[in-house]
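The values are calculated or read from the model by the stated rules, or taken from the named source; none is laboratory data. What you are looking at is a predicted structure, and each value in this text was computed from that prediction instead of being measured. Glycine also receives a Cβ, built like all others from the backbone with ideal geometry; neighbour counts cover every protein chain displayed. Side chains are part of the model used for accessible areas, which takes the heavy atoms of the whole protein and leaves out ligands, DNA and RNA. Shrake-Rupley method; radii C 1.70, N 1.55, O 1.52, S 1.80 Å.
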Amino acid sequence: MRVILFDLDGTLIDSTEAILEGFRVVFKKFGKTPASDDEVKKLIGLPLDIMFENLGIKEGVWDYVNAYKEHYRKISKQKTILLPNAKEAILKAKEFARLGIVTTKTGLYSKELLEHFGVMKYFEVLIGREHVENPKPHPEPILKALHQMNANKEAAWMIGDTCLDMVSAKEAGIKYVGVEFKYESQENMRKCAEIIKPDVLKAVEYIFQC
C-alpha cells in the first residue's frame, strides 16, 4: 500500500495570520521593531529558531521561540484554516494510502490543530520539530515517519509547498509532488520539483493515477 506524507503549512492548512501575529507580538515583547510581514512570510516553513536568526535575533533566540509558542498556542485554532480541498484530499488519499504528517511546526500544536479540524484520526504518525534533531530539508523527519510506520521508501510520496519539502523527500529517496502556495515562488518550486500541482487534492489525484 502506498504511503503519503503531507507537509502542514501551505499544504493542508493556512496559519499565516497566526504566524504573523506571533512574530509581531514577540518582537514587541522584547522591545524590538517587528520584522515586516513579507520578511516573515519568506521564511515560513523553516524552524522557528532559524526564522528568528534570519530576522536578526542573534542572542537569546530560544527565549523568542518559547514566547512565540506561548502566544501561538493561544490563537492558532482561531486564526488557522484548512485550505480549500484539504479535507477532500485527505479523504481521497485515505482510500488508497497510509497517511502521515511531516512538519517543522511543533508537533504537539500541530496535533491539536488537526484534532480541532477533525482530521488527525486519518494520520498514523505526525513528526514535528521536537521529534528530530535535523528538520527539513534534512531527510531525517521523513525517514523517521517511514520508520514509525514500518513503511518502505519505494511506496512513499511527499506532498509539500516549499523546496524544503522537496529536498527532504529527494534526500530521503522517496517520490514527491509540489503544490503551489504563497510561501515559495513558482520559480523556486520549478527548480526543486518536476511535478507541481495547484493544490493538495490535485497532488493526491496525481499520486492515485501513478
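Taking the dipole about the Cα centre of the chain, with the C-beta of Lys and Arg at +1 and of Asp and Glu at -1, give me whichever of 157, 50, 117 is farthest to the positive side. Sorting the options by dipole projection puts first 117. The chymotrypsin sites (Phe, Trp or Tyr not before Pro) of region 89-180 meeting both criteria, a DSSP state outside H, G, I, E and B (loop) and at most 14 other C-beta atoms within 10 angstrom of the site's C-beta, are 96. Under 5 Å between amide hydrogens, built in the peptide plane, is the criterion, and for residue 106 it picks out 129 among residues at least 5 positions away or on other chains. Computed over protein heavy atoms with a 1.4 Å probe, the carbon and sulfur contribution to the accessible area of region 131-197 reaches 46%. Rounded to the nearest 20, the Cβ-based charge dipole of the chain about its Cα centre (Lys and Arg +1, Asp and Glu -1) stands at 320 debye.
Taking every DSSP beta bridge that has both ends in the chain, the antiparallel portion is near 10%.
Dividing the summed helix terms, -39500 (n - 2.57) for each DSSP H run of n ≥ 4, by the number of residues in the chain produces a 222 nm estimate of -13500 deg cm²/dmol to the nearest 500.
Round to the nearest 10 and give me the degree value, 0 to 90, for the angle of helix 61-75's Cα axis relative to the longest principal axis of the chain. Once rounded, one gets 70 degrees.
Which value, in debye to the nearest 20, describes the size of the charge dipole of region 1-81 about its Cα centre when Lys and Arg Cβ atoms bear +1, Asp and Glu Cβ atoms bear -1, and nothing else is charged?
Dipole of region 1-81, to the nearest 20 debye: 260 debye.
From the coordinates of this entry, mean projected area of the Cα convex hull in nm² is computed, and it appears in [x] 12.0; [y] 14.8; [z] 10.6 under the label [z].
If you place +1 on the Cβ of every Lys and Arg and -1 on the Cβ of every Asp and Glu, how big does the dipole about the Cα centre of region 46-139 come out, in debye to the nearest 20? Present the calculation step by step, with values, prior to reporting the outcome.
Details: 15 positive and 12 negative charges, 87 e Å.
Here the size comes out at about 420 debye.
Accessible surface calculations at 1.4 Å, restricted to protein heavy atoms, place the chain at 47 Å² per residue.
Taking 4.7 Å between beta carbons as the limit, the unpaired Cys residues of the chain are 210. Between the helical axis of 163-172 and the longest alpha-carbon principal axis of the chain there is an angle of about 50 degrees. The loop-placed GluC sites (Glu not before Pro) in region 43-88, going by DSSP, that have at most 11 neighbouring Cβ atoms within 10 Å of their Cβ come out as 59.
Between helix 140-149 and the chain there is an angle of about 50 degrees, using the helix long axis and the longest principal axis of the Cα atoms.
Sites listed here are chymotrypsin sites (Phe, Trp or Tyr not before Pro) in region 1-35 whose DSSP assignment is loop and whose Cβ has at most 13 other Cβ atoms within 10 Å: 30.
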